[in-house]
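Novice: My questions will all concern the structure given below.
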Amino acid sequence: MSMRELVVLGTASQAPTRQRNHNGYLLRWDDEVILFDPGEGSQRQMLHTGITATDLTRICVTHFHGDHCLGLPGMIQRLSLDRVPRPVAVHFPAGGAEYFARLRHASSFYETAELAVEPVDADGQRITLGIGTLEARRLRHPIETYGYRLIEPDGCRMLPERLAAYGIAGPDTGRLLRDGHLDRDGRRVTRDEVSVTRPGQRFAFVMDTGLCDGVYALAEHADLLVIESTFLESEAALAAEVGHLTAGQAARVAAESGVRTLVLTHFSQRYADPRRFHDEAREHFPGDLVIAEDLQTVQVPPRRVPSPG
């Protein structure tokens, strides 16, 4: 059975606190296990999750500020220590290639793991995966930054009552689904006549950024949106100055983009009470709202059920 869930390793921005580790997020999506923005302590946080370095299939880094990447050296070395038997892809802004090289070889170790290094060098760049497409979009931050979204292709759902009306059952259903049509009693029945489109699911990951087109492009129709909300509206001017979002801005993006589940994270250490983020976001977003906590698991919501045309 497929598993689609987000595991939060850390939720602090810039500096960790007693309650919040540096950033780190794991996405389990069928056969893919993607690590996003491993900050300091990510390797240790993973010990509490049941997910190991051997499970990882790829690593995505949004940008090379320390709270989003200083866990890379330990994670890369752990891949070799555990002798991960397959290549692990790594995506990051191409302009930060020198930073990645330094982090990759930050100390001496015996490298046995194979990294498939695939930098992102263009807005809208797409990486084809077995489960769909990973797309990177440029964000607005003082250094080169990209957000990511995972897009599952649309499928189809067969309608039992329509199949029955045409007398189609058993292996014929599979042939119709595979071939797109089936000749039955002198008539051709097409797949479209007995099915409806099943929208593919979408996951979006938006870290350090001010409001820009890339934020909205990533969030569009996301089933699960993980987005930074470093500040509250009382610090909106500061947020704009340093290239960050407020909880209210993130919530408005989610509401305008048709997001189903909104996960706010990357909180400034100046705020001790996370309920303030909830209250501010709730003013704008009516859907499922999660104020992320370290070591929390958030399920990707069930598929939207298409209605027959």
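Novice: Name the residues in the range 75-96 that are open to solvent by 10 Å² or more (accessible area, probe 1.4 Å) and touching a Pro at 6+ places or on another chain (Cβ under 8 Å), would you?
Specialist: Ala94, the sole residue that qualifies.
Novice: Which condition does Arg137 not pass, out of (1) touching a residue at least 60 places away in the same chain (Cβ under 8 Å); (2) loosely packed, with under 14 Cβ neighbours inside 10 Å, if it passes all the others?
Specialist: Among (1) touching a residue at least 60 places away in the same chain (Cβ under 8 Å); (2) loosely packed, with under 14 Cβ neighbours inside 10 Å, Arg137 violates only (2).
Novice: Among the residues of the range 265-291, which ones are within 20 Å of the chain's Cα centre (by Cα) and either closer than 16 Å to Gln14 by Cβ or among the hydroxyl-bearing types (Ser, Thr, Tyr) (or both)?
Specialist: Those that are within 20 Å of the chain's Cα centre (by Cα) and either closer than 16 Å to Gln14 by Cβ or among the hydroxyl-bearing types (Ser, Thr, Tyr) (or both): Thr265, His266, Phe267.
Novice: Looking at (1) open to solvent by 60 Å² or more (accessible area, probe 1.4 Å); (2) farther than 27 Å from Phe267 by Cα; (3) of a type in the set (Asp, Glu), can you tell me which one Glu233 breaks?
Specialist: (2)
Novice: Still on this model: Out of all the residues in the range 142-154, is one or more touching a Gly at 6+ places or on another chain (Cβ under 9 Å), loosely packed, with under 15 Cβ neighbours inside 10 Å and under 23 Å from Val61 (Cα atoms)?
Specialist: yes
Novice: Now for a different question. Might you let me know whether the range 113-123 holds any residue that is of a type in the set (Val, Ile, Thr), crowded, with 20+ Cβ neighbours inside 10 Å and either out of contact with any helix residue (DSSP H, G or I) (no Cβ under 9 Å at 6 or more places or on another chain) or modelled with pLDDT of 90 or more (or both)?
Specialist: Yes - at least one qualifying residue is present in the range 113-123.
Novice: Considering (1) within 16 Å of Tyr148 (Cα to Cα); (2) in contact with a Gly (Cβ under 8 Å, 6 or more places away or on another chain); (3) small (Gly, Ala, Ser), say which one Ala219 fails and leave the rest.
Specialist: Answer for Ala219: the failing condition is (2).
Novice: Here's a follow-up. Give the number of residues within the range 171-204 that are open to solvent by less than 70 Å² (accessible area, probe 1.4 Å), over 27 Å from Asp30 (Cα atoms) and out of contact with any His (no Cβ under 7 Å at 6 or more places or on another chain).
Specialist: Matching residues across the range 171-204 total 5.
Novice: If a residue has to be surrounded by fewer than 19 Cβ atoms within 10 Å (Cβ to Cβ) and hydroxyl-bearing (Ser, Thr, Tyr) to count, how many in the range 236-267 make the cut?
Specialist: Final tally of qualifying residues: 1.
Novice: Now a separate question. Does Gly41 meet the test of being touching a His at 6+ places or on another chain (Cβ under 7 Å), open to solvent by 30 Å² or more (accessible area, probe 1.4 Å) and of a type in the set (Gly, Ala, Ser)?
Specialist: Criteria met by Gly41.
Novice: Kindly establish whether Arg28 is more than 18 Å from Arg104 (Cβ to Cβ), open to solvent by 20 Å² or more (accessible area, probe 1.4 Å), in a strand (DSSP E or B) and of a type outside the set (Gly, Ala, Ser).
Specialist: yes
Novice: OK, next. Can you tell me which residues in the range 32-50 are more than 21 Å from Phe92 (Cβ to Cβ) and at pLDDT 95 or above?
Specialist: Passing the criteria: Arg44, Leu47, His48, Thr49.
Novice: Keeping to the range 44-53, report how many residues are open to solvent by 50 Å² or more (accessible area, probe 1.4 Å) and free of Cβ contacts under 8 Å to residues at least 40 places away in the same chain.
Specialist: 4
Novice: Would you mind finding the one in Ala106, Ala89 that is under 30 Å from Arg140 (Cα atoms) and over 22 Å from the mean Cα position of the chain (by Cα)?
Specialist: Ala106
Novice: If the Cβ limit is 8 Å and pairs must be 6+ apart or interchain, which residue in the range 144-172 that is small (Gly, Ala, Ser) pairs with which residue that is in a loop (DSSP other than H, G, I, E, B)?
Specialist: Gly147/Thr62; Gly147/Leu139; Gly147/Met207; Gly147/Thr209; Gly155/Gly200; Gly167/Asp185
Novice: Still on this structure: In the range 1-25, how many are outside any loop (DSSP other than H, G, I, E, B), under 24 Å from Ile131 (Cβ atoms) and either open to solvent by 10 Å² or more (accessible area, probe 1.4 Å) or not hydrophobic (A, V, I, L, M, F, W, C) (or both)?
Specialist: 4
Novice: Let me ask something else. Of all the strands (runs of 3 or more DSSP E) wholly in the range 183-269, which have at least 3 residues that are out of contact with any Ser or Thr (no Cβ under 8 Å at 6 or more places or on another chain) and modelled with pLDDT under 95?
Specialist: In the range 183-269, the matching strands (runs of 3 or more DSSP E) lie at 187-190, 195-198.
The values are calculated or read from the model by the stated rules, or taken from the named source; none is laboratory data. The structure displayed is predicted, hence computed values, not measured ones. No Cβ is skipped: glycine too gets one built from the backbone with ideal geometry, and neighbour counts run over all protein chains shown. Calculation scope for accessible area: heavy atoms of the full protein, side chains included, ligands and nucleic acids excluded. Shrake-Rupley method; radii C 1.70, N 1.55, O 1.52, S 1.80 Å.
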